Amino acid sequence: SIAGGLAAAAAAAALLAVLVLPTSSGGPSVVEAAQLSDRPATQASVPVDPSNPKLLAASGDGVPFPNLEGEFDWREAGARSDELDGRQAKTVLFERGGKRIGYTIVSGKAIDPPDGATKTELNGVALASTTDGTKRIVTWLRGGRTCVMSGNGVSTAELLELASWKGEGSVPF
C-alpha cells in the first residue's frame, strides 16, 4: 500500500537522520574533566571542614569533597575552579608519595561514562572506570553530580576505593 510505503520511507529517513546527526549533547566529557587534574592548583589549600573532619571545607555545586588524608593518607594539595562547556568544575588535588590525583565535581546534569568504560559497584556505589593514555579515570555520581577522579601511577582499584568511600556516613552520596 502507499501508506505502508510512506511509513517505511519516513522510518528510513528518521533512522538516517539519527545516524547522521551528532550524538553528543555538546557538554563536557569525563575525560575532559579528568584532564583538569593535570593543571596546577590555583588555590593554595583547602582546609578540613571544622564540623566534619571527614570532609573538606570545599564543594562542587553543593557536593562537599571528602578529606582523604585520615583514612587513606592522601593529603589535600590545593584546588582549582574551571569551566567546561559552560559548566562549573571544581577540582581538589591530593598528593601521596610523589603521586597526585585529582577529584573533580562537575555542575549540572550527569555526564555519561565513556563508551567501553568498565562498570563496577563498590560499597553500594555505581562506578565506571577507563583510561586516557597512562591516566586512570573513575567516574560516579554524588548528589546527582558527576564526580571524576584520576591520576597517573595509581591503580584503578585504589581510585575505585577512594571514590566509593562514604566515611561511615559522613560523605554524602
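The values are calculated or read from the model by the stated rules, or taken from the named source; none is laboratory data. Here the structure is a predicted model, which is why all the values come from computation and not from measurement. Cβ placement follows ideal geometry from the backbone for every residue including glycine, while neighbour counts extend to all protein chains displayed. Just so you know, the surface numbers come from the protein's heavy atoms only, side chains and all, with ligands and any DNA or RNA stripped out. Shrake-Rupley method; radii C 1.70, N 1.55, O 1.52, S 1.80 Å.
Summary of values
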read-out	value
Residue in region 31-68 that is least open to solvent (accessible area, probe 1.4 Å), counting only those that are over 24 Å from S170 (Cβ atoms) and among the charged types (D, E, K, R)	E32
Which numbered condition I2 misses (of (1) modelled with pLDDT of 95 or more; (2) open to solvent by 40 Å² or more (accessible area, probe 1.4 Å); (3) of a type in the set (A, V, I, L, M, F, W, C))	(1)
Hey, V148 surrounded by 18 or more Cβ atoms within 10 Å (Cβ to Cβ), part of a strand (DSSP E or B), in contact with a Leu (Cβ under 6 Å, 6 or more places away or on another chain) and modelled with pLDDT of 95 or more or not	no
Selection within region 81-95 - closer than 20 Å to L56 by Cα, open to solvent by 80 Å² or more (accessible area, probe 1.4 Å) and either over 14 Å from the mean Cα position of the chain (by Cα) or at pLDDT below 95 (or both)	none
Subset of region 33-66 [acidic (D, E) and on the phi < 0 side of the Ramachandran plot]	D38, D49
Filter result for the condition that a residue is touching a residue at least 40 places away in the same chain (Cβ under 8 Å) and charged (D, E, K, R), over R136, R96, R142	R142
